[in-house]
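Down below is the structure, laid out as structure tokens.
Throughout, read-outs are computed from the coordinates displayed, never taken from laboratory work. The shown structure was predicted, so the numbers you read here are calculated from the model rather than taken from an experiment. Ideal geometry is used to build each Cβ from the backbone, glycine not excepted, and the neighbour counts take in all protein chains shown.
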Amino acid sequence: MNKCILDKAVQDYVNANLNADINQIALAKSPFENISPAELANQITAKKKSEKKLPSWFGTTGIYYPLALSIEQTSSEITAKYKSRLVKGKSLVDITGGFGVDSFYFAKYINHVTHCEINPELSAISKHNASIFGANNIDFIAADGLDFINTSNQTFDTIYVDPARRAEKGKVFMLKDCTPNVVSNLNKLLSKAQRIIVKTAPLLDISAGLLELANVSEIHIISVKNECKELLWIIDKDYNEDIKIVAVTINDQEKEFGFFKTQAAVPANFAENISLGNYLYEPDAALLKSGAFNLIAMHYNLIKLQHQTQLYISETINNSFPGRILKIENIISGSDLKTEKILIGNVIVRNYPAKAEDLIKKYKIKSGNDKFLIFTKNYQNQNIIIKASIIQYY
């Protein structure tokens, strides 16, 4: 950690060059004697990456940035705020501390946080930034988090872990292939805390995760602006009852769809007819990840469009629905589409034998801000195109 980077002149330079050509800065001579061009370029790049993801860090004077990769890998402020509500008790250890965003928000809700980070420089950077924010209830330990757990006599109310993938096997990877290996160390972790919170990428299949993890009490699926960001696995000591699944959509407002796993297997009603003026519902990514497709219809009093199509309709609008809501203006067939002279709309494809980009090219469809063309199937398994206008985005 080069403390010269914190000098006012250097900080002013970083702020003045946030939109500059980073390659030119990295290749040019540094205007500061004790700071390399590569260090300057990294501070600018990392700060720029923080602008939307970590606005509190971006807008605070005196923040020291790590390698830009660490910013890419860290939780966003939005998701860190949410997961801080899931902690239990008064003490927590974050055994994969990283840049310290999660630890910072945990420290807002509980009395004491221990931040473990195996990289000494990243640990020092996180400690410095915590002091800038006045977060004095965090201890920083530059060590492997699992080693700390194994050698320390301390116990905690909650342990938080964000395992890093060592290797991917296709799109779905196993927790046992991550570092640290939560699966093989779960009993040890539970001997040191009543609750374990495990963060994983949304690619992890929920059923596969449940085969590896014991004592799971809750699974939280977090999406931001219709993009699934992370899964949070809540593991409580000795828990062996029904698992609660919570799909959370975070936008201008937060919406939740929660249910117990045994409730998911319910029948659904299907739309034998679609009327103009009906409302069409497209679930947010978090709802789709939950897999409770029929339960979604029951919970929001909707009718499914088709068995394999996760779209829903209703005669009246339900703004509590987490996802897009559109008003149906017309329904046409594929053959009718060929006669349309001008097609305007954002294309959505659901259970239709063509890709969006191919349809746009084939029918020369122009994008429209509030107009949509939904290519899908109806209850009779016929290909249809629904023209609709947007009522709610999220």
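List of remarks:
- Sorted by Cβ neighbour density within 10 Å, fewest at the top, the residues Leu146, Leu210: Leu210, Leu146
- Neighbour-limited loop hits for trypsin sites (Lys or Arg not before Pro), the range 297-344 (at most 11 other Cβ within 10 Å; DSSP other than H, G, I, E, B): Lys338, Lys341
- Answer label for Cα Rg over 2.2 N^0.38 Å (calculated), chosen among [x] 1.16; [y] 1.05; [z] 0.98: [x]
- Amide H contacts for Tyr160 (H built 1.01 Å from N in the peptide plane; partners 5 or more residues away or on another chain; cut-off under 5 Å): Val93, Asp94, Ile95, Ile197.
- Set Lys237/Lys261; Lys127/Lys192; Lys289/Lys366 screened for pairs whose C-alpha atoms are more than 28 Å apart: Lys289/Lys366
- Note on the chain: helix-only mean residue ellipticity at 222 nm, from DSSP H runs of 4+ residues weighted -39500 (n - 2.57) and normalised by residue number, equals -8000 deg cm²/dmol.
- Residues whose placed amide H lies under 5 Å from that of Thr179, excluding near-sequence neighbours: Ala164, Arg165, Arg166
- Surrounding net charge for Ser320, when Lys and Arg each add one and Asp and Glu each subtract one, Cβ distance under 13 Å: -2
- Whichever aspartates and glutamates have a C-alpha closer than 15 Å to that of Lys8, once near sequence neighbours (fewer than 8 apart) are set aside: Glu33
- Gyration tensor verdict on the range 221-357 (Cα atoms; rounded if a/c is under 1.5, prolate if a/b is larger than b/c, oblate otherwise): prolate
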